[in-house]
Every structure is written in C-alpha cells, then in structure tokens.
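Colleague: Sending over a structure as structure tokens; questions will come in a sec.
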C-alpha cells in the first residue's frame, strides 16, 4: 500500500490557499473596478449633450469557477449608456474623449501591486 498522507495534506493546503486567494482576489478586483468607474466618471465628457452619460458608468464583479472578472462601463438601459464607444473613441464627425482607458491605465499599477502582495501573502501563509 502507498502512503499518500503527505500528498493528501498538500492537496488540503492548496484548496485552502485557493479559497483564500479567491476571496482576497475578489476584493482586489472590486476595489480596482470601483476606482476605474469613479475615475472614468470624473474624466467623462460633461456638457449639454451628455448630461446623464457619466452616471451611466457602473461596474460589476463576477466570480465563476475560479475566474474573477471586473467589468466597468456604461450600463445597458441607463440614460445615455449607448454613447460609450462614440465618446471614448470618437467618429469621423466627433473627436474622441478618452475616459475609460486613462482610468484603467491609472489603476493598473495599484492593481498589480495589490495582486503581488496577495501572492506574497499566500506564499508566506501557505507555502512550505
């Protein structure tokens, strides 16, 4: 008979570390998504033709089978939500007003730093 007790113990550690990573990872993605949403709203064009657009920018975080996804942008059904691409990228008749991409660029270093800290904490706590 083969003794798999150490392997079983390591599998338990990996499951616990995964649960820890998912919970903390969701908080990191949520905070980053909130920051991007708020900054995109700040940077969004405001004027007589876009009075409701900035308020249409929302965020949502989903966790499914170990994947954590944050989505930021104009929410379908909110007033002026359909202007998102036109305002961000412009058209042949309208200059672009970048607000989502700059907001994401500003958040990127904070997101990576938080993710790196999570990885270091997991190794310290669960590594052997």
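Computed from the coordinates by the stated procedures, all read-outs in this text should not be read as laboratory data. These numbers come from a predicted model, not from an experiment. For neighbour counting, all protein chains shown are included, and Cβ atoms are generated from backbone atoms with ideal geometry for every residue, glycine included.
Colleague: Using a Förster radius of 35 Å, what is the FRET efficiency between residue 55 and residue 16 based on their Cβ-Cβ separation? Nearest 0.05, please.
Modeller: Given R0 = 35 Å and the Cβ-Cβ separation, E is 0.25.
Colleague: Write down the Å³ per residue value for the convex hull defined by the alpha carbon atoms of the chain.
Modeller: 123 Å³
Colleague: How big is the gap, in Å, between the Cα center of the stretch 5-19 and the Cα center of the stretch 62-89?
Modeller: 37 Å
Colleague: While we're looking at this one, here's another question. Among 27, 39, 125, which comes first, then next, by fewest other beta-carbon atoms within 10 Å? Numbers along the way, then the final one.
Modeller: Values: 27 14, 39 20, 125 11.
Fewest-to-most ranking of 27, 39, 125: 125, 27, 39.
Colleague: Taking the 0 to 90 degree range and rounding to the nearest ten, how far is the long axis of helix 100-126 tilted relative to the main principal axis of the chain, both from C-alpha atoms?
Modeller: 10 degrees
Colleague: Counting pairs of alpha carbon atoms under 8 Å apart in space and at least six apart in sequence, what relative contact order in percent does the stretch 5-126 give?
Modeller: Averaging sequence separation for qualifying contacts and normalising by length gives 28 percent for the stretch 5-126.
Colleague: Which order do 24, 15 fall in if you start with the one that has the fewest other Cβ atoms within 10 Å?
Modeller: Ordered by Cβ neighbours within 10 Å, fewest first: 15, 24.
Colleague: Kindly rank 49-62, 88-101 from highest to lowest mean number of other beta carbons found within 10 Å of each residue.
Modeller: Numbers: 49-62: 16.4, 88-101: 13.6.
Highest to lowest by the protection proxy: 49-62, 88-101.
Colleague: For a Förster distance of 41 Å, can you work out the FRET efficiency between the beta-carbons of residue 34 and residue 3, rounded to the nearest 0.05?
Modeller: Values: r = 49 Å, r/R0 = 1.19.
So the FRET efficiency works out to roughly 0.25.
Colleague: On a 0 to 90 degree scale, rounded to 10, what angle separates helix 5-43 from the longest Cα axis of the chain?
Modeller: Taking Cα atoms only, the helix is inclined about 10 degrees.
Colleague: Which FRET efficiency value, to the nearest 0.05, is calculated for residue 121 and residue 65 with the Förster distance at 22 angstrom and r the Cβ-Cβ distance?
Modeller: It comes to 0.45.
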